[in-house]
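Encoded as structure tokens, the structure appears first; notes follow it.
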Amino acid sequence: MSSSSNELWSIFDARRVKAPELRGLDAFFNTFRGYFRNRRPVLQRLRQQTGRVLLLEPDIHNLGATHFREAVAECRDLARLGKLVGPAMDRAVAITREACLRAIGKRPYDVQIMGALAMCEGAIAEMATGEGKTITASLSASIWAWQGKPVHVITVNDYLVQRDAEEMGPVYEMLGHKVGHVVHETSHEERVDHYRRNVVYCTSKELVADFLRDQLALGQLRNSTQTAVQFLNGGTLRGSLMVPGLFKAIVDEADSVLIDEAVTPLIISNSPDDNVNAPMYQAADALAQQLEPDRDFTIDWTVRSIDLTPSGQRKLDALSDDGSGFWKGKRRREEVVTSALTARHCYVRDEQYLIDPEEQTIQIIDEFTGRVMADRSWRHGLHQAIEVKEGVKVTSDKENLARISFQRFFRQYKQMGGMTGTSWEAAGEIWQIYHLPVVRIPTNQPCIRRQLPTRVFGTMDQKWEAVVNRICELNEKKVPVLVGTRSVLASEEVSKRLDARQIPHQVLNASQTAQEAFIVSQAGLPKQITVATNMAGRGTDIKLARDVAAAGGLHVISTEPHGSGRVDRQLYGRAARQGDPGSAQMFTSLEDDLFVRHAKFLRKLKSAIGKKRLIKLAQDRAEHMARFNRKQILKQDDWMDESLPF
């Protein structure tokens with residue numbers, strides 16, 4: 001049988017979707033098991049194992065180059081036999097630690113060893129920002145790769161994919177591995193080569209898209225029996241497959257990839273050159289502009305949806321009563337007009353999307369990361385409705401060829417580990433979906449960040465004025481400031497007010513991702529002011545200049561609470577890394593999106609409830625709704641696993 005056939009079998013054999021949703025007593029005992037797994041005293045055991053690894057350091061460090069290569073080969077042989085356990089595992093970890101020192105001059109800290117051990121056991125390691133997760137991932141990836149199957153290291157953007165693969169490449173080479181990386185510009189031929197290397201760095205988007213393209217290339221082949229018959233009959237594939245199986249994965253920023261983006265469907269589609277439905281979307285927009293809020297339609301801000309009232313339905317019937325074509329169908333015309341209303345009233349430019357200045361196209365902004373989601377579009381006519389609203393070219397309706405949600409995709413791995421700065425709040429959900437426990441790894445140095453009291457204002461204008469006053473106050477003391485905003489629009493509002501006061505600053509938002517790493521790396525300089533959307537710059541260290549520590553370190557200002565407290569904690573974690581001084585504070589107003597959507601009436605009781613309680617209640621409601629949506633998608637995924645061939 002050809003190697004192509006063997007690769008196909010690997011793909012089929014790698015499909016190990018977790019069991020569907022449990023019910024009744026099964027669900028209760030599974031939840032209880034997850035609760036126990038997440039709270040078992042695992043840290044003491046990891047510390048003891050790390051201690052044993054450290055005791056091996058003198059012997060490993062004194063090995064000459066030849067003996068070191070022999071030790072690496074021995075570890076590889078034991079791993080492939082499934083015997084890399086106990087003392088052999090301790091020695092393997094010590095060898096990977098020594099490889100880091102010899103290859104890049106960095107000896108992993110004790111906590112990095114603990115994090116790597118936790119991931120090797122199939123857990124999510126919660127490690128604070130700045131604790132060196134790049135090196136931690138390389139330790140566990142190297143150990144897994146010795147087993148002979150590709151290990152996928154998933155990270156959040158192409159810059160980090162290329163940077164981490166290049167920085168850690170010498171370590172992998174010393175341990176006998178070939179490292180590959182896949183970014184948006186990687187050609188098909190290069191992808192085929194890189195996916196077959198021992199360790200492959202990539203983003204979830206590129207990996208899932210390549211997996212779907214492979215499914216299209218397989219045609220009607222859906223299991224190993226069909227594959228064998230196909231090749232025995234002399235059949236061939238339509239091109240080379242890219243991803244030879246899903247075996248082991250290490251997910252960086254695991255909470256973002258596995259939870260926040262979990263329900264996002266990745267769709268492979270084709271688009272006709274001409275959009276014959278463009279006049280329909282334009283006509284729907286014209287009708288939508290004749291309907292009045294509250295009277296003809298209502299807005300549910302919680303989920304950003306529009307509902308036509310009986311009055312609106314009658315008015316729409318009268319306005320579209322030409323008796324021909326598309327508009328004869330009541331349901332169809334109401335759907336397309338509702339999309340037009342949603343685009344006009346619920347989606348704001350520079351918050352949910354922006355317009356590419358060169359291509360004049362609509363680009364979606366990821367509300368969790370603040371980054372542009374390239375090549376993504378909304379479904380059910382919403383994207384075209386926004387294009388009509390903004391007066392750009394209306395793109396064609398796409399024909400879906402293949403689709404899969406990220407959570408359904410990642411449930412196919414035989415073994416998976418991950419790391420992030422904030423996952424404990426989502427530990428229960430991570431267990432329910434992926435059966436992965438969360439292990440909280442201590443910091444290498446004590447965290448001395450000062451959390452200043454939250455300030456709440458009645459209006460947006462009052463909030464922005466207070467934010468800028470605080471920035472100016474800190475700037476006079478030469479304290480570097482990182483200002484976190486939820487949207488491009490908010491970052492530009494802060495920038496405009498700073499410009500009015502002639503305060504130099506840097507802006508990092510979804511339209512400037514090419515400069516992201518450089519801007520963030522400079523955020524620790526004296527008097528440096530960096531205004532950034534959400535968690536732009538994740539993965540890039542902010543190193544303090546020499547005299548900044550004496551001034552109190554980096555100060556982080558959050559200008560709005562996010563739908564999840566995890567994201568607020570990620571932002572605060574940019575200050576006071578590795579024992580550095582630092583501080584953080586939140587500024588918010590009762591007109592912020594979180595309160596408008598999830599605490600519209602509760603905000604009137606701010607004095608009675610208290611500001612901290614108000615934020616927590618609003619975030620609890622937002623997280624409850626997000627969990628509900630993910631649960632519904634999970635049910636759909638389970639149905640697809642039971643009903644569809646892949």
Criterion (touching a strand residue (DSSP E or B) at 6+ places or on another chain (Cβ under 8 Å), in contact (Cβ under 8 Å) with a residue 12 or more places away in the chain, under 29 Å from Ala73 (Cβ atoms) and among the aliphatic types (A, V, I, L, M)) met by exactly one of Val171, Val200, Val156: Val200
Strands (runs of 3 or more DSSP E) (entirely within segment 440-536) containing at least 1 residues that are farther than 30 Å from Asn38 by Cβ and among the hydroxyl-bearing types (Ser, Thr, Tyr): 481-485, 529-533
Residue check for Ile386: closer than 16 Å to Tyr347 by Cβ, part of a strand (DSSP E or B) and in the same structural domain as Ala343 (by TED's automatic domain parsing): no
Matching entry among Glu190, Glu166, Glu121, Glu173 (being more than 29 Å from Ser240 (Cα to Cα) and of a type in the set (Asp, Glu)): Glu121
Number of the exception - Arg344 against (1) within 30 Å of Glu185 (Cβ to Cβ); (2) basic (Lys, Arg); (3) at pLDDT 90 or above: (1)
Subset of segment 563-598 that is out of contact with any strand residue (DSSP E or B) (no Cβ under 7 Å at 6 or more places or on another chain) and among the polar types (S, T, N, Q) - its residue that is surrounded by the fewest Cβ atoms within 10 Å (Cβ to Cβ): Gln578
Helices (runs of 4 or more DSSP H) enclosed by segment 104-204 - at least 2 residues per element that are within 19 Å of Gly421 (Cα to Cα) and more than 18 Å from the chain's Cα centre (by Cα): 110-120, 133-145
Residue within segment 31-38 that is at pLDDT 70 or above and of a type in the set (Val, Ile, Thr) present: yes
Test: residue in segment 397-414 that is among the hydrophobic types (A, V, I, L, M, F, W, C), touching a residue at least 12 places away in the same chain (Cβ under 8 Å), out of contact with any Ser or Thr (no Cβ under 9 Å at 6 or more places or on another chain) and not in a loop (DSSP other than H, G, I, E, B): yes
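The values are calculated or read from the model by the stated rules, or taken from the named source; none is laboratory data. All values derive from a computational prediction rather than experimental measurement. Cβ atoms come from the backbone with ideal geometry, glycine included; neighbour counts cover every protein chain shown.
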